[in-house]
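Student: Here you go, one structure.
Just so you know, all these numbers are worked out from the coordinates, no wet-lab data involved. What you see is a predicted model, and the numbers here were worked out from it, not measured in a lab. No Cβ is skipped: glycine too gets one built from the backbone with ideal geometry, and neighbour counts run over all protein chains shown.
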Amino acid sequence: MKRLILKAVFTLGLVVLASVSSGREAMPMAEDPKLEARLDALSHELRCMVCQNESLASSRAELADDLRNEVRALIRSGKSDLEVKDFLVSRYGDFVLYNPEVKPLTWVLWFGPFVLLVMAVIFLGMYLRQRRALAAPEAMSDDERERAKQLLKG
């Protein structure tokens, strides 16, 4: 009886897991394969504003679908790739680009991690130097050495 219940629970679990993990249907490609190729190339250079760690091409968020449709419409209207990127940057900021341009507004994005790393190394060096200074014993004077010997003898 226990074995039958375990099998039923296991089967039910597999059915639930399969229904939850099933992906969405693929979006149909447009009539123009060149347009879709441009869209695909562009969407790999753009960041999903919901997922933030995925490209627009790999994101499954609804906003990503909307952005892909927006990019598709811009391409259809004759905009160049640069114009499409400029439009999205004006709308969402430099964060929408996976590789934003190096300019004063994006210096923090480009150089911030390195500055933080250098600061961490400097603080670590200061901490270790201070710790070593506290742990190092001071040299004893001759009088202190004599007194210590007398205390140890007596």
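Student: Of the listed values [x] 1.28; [y] 2.14; [z] 0.99, identify the label whose number matches Cα Rg over 2.2 N^0.38 Å calculated from this model.
Tutor: [y]
Student: Further question on the same structure: Subtract the Cα-Cα distance of A73 and L151 from 0.36 nm times their separation in residues, and report this length gain in nm to one decimal.
Tutor: Additional length available on full extension: 18.9 nm.
Student: Computed over the Cα atoms of the stretch 32-86, what is the ratio Rg over Rh, Rh following Kirkwood?
Tutor: Reported Rg/Rh, Kirkwood definition of Rh: 0.95.
Student: Expressed as a rounded percentage, what relative contact order does the stretch 26-101 have, with Cα pairs under 8 Å and six or more residues apart?
Tutor: 28
Student: Taking H placed 1.01 Å from N in the peptide plane, check which residues at least 5 places from R47 or on another chain put their amide H under 5 Å from its amide H.
Tutor: L56, L97, Y98
Student: Turning to a different aspect of this structure: In debye, nearest 20, what is the charge dipole magnitude of the chain about its Cα centre with +1 on Lys and Arg Cβ and -1 on Asp and Glu Cβ, if you could check?
Tutor: That gives the chain a dipole magnitude of about 960 debye.
Student: What are the ³J(HN,Hα) values, in whole Hz, obtained from phi via the Karplus relation 6.51 cos²θ - 1.76 cosθ + 1.60 with θ = phi - 60°, for each residue of the stretch 35-44 in sequence order, with x given for Gly and Pro?
Tutor: 4, 5, 5, 5, 4, 5, 5, 5, 5, 7
Student: Taking θ as phi - 60°, what are the ³J(HN,Hα) couplings along the stretch 145-154 by the Karplus curve (6.51, -1.76, 1.60), each to the nearest whole Hz, with x for Gly and Pro?
Tutor: Listing the rounded values in order: 5, 5, 5, 5, 4, 5, 5, 6, 6, x Hz.
Student: In the chain, if the dipole is taken from +1 on Lys/Arg beta carbons and -1 on Asp/Glu beta carbons about the Cα centre, which of C51, A8, L35 is farthest to the positive end?
Tutor: A8
Student: Could you give log10 I(q)/I(0) at q = 0.16, 0.19 Å⁻¹ for the stretch 106-153, computed by the Debye formula over C-alpha point scatterers of equal weight, without solvent?
Tutor: Summing over Cα pairs of the stretch 106-153 leads to -0.65, -0.74.
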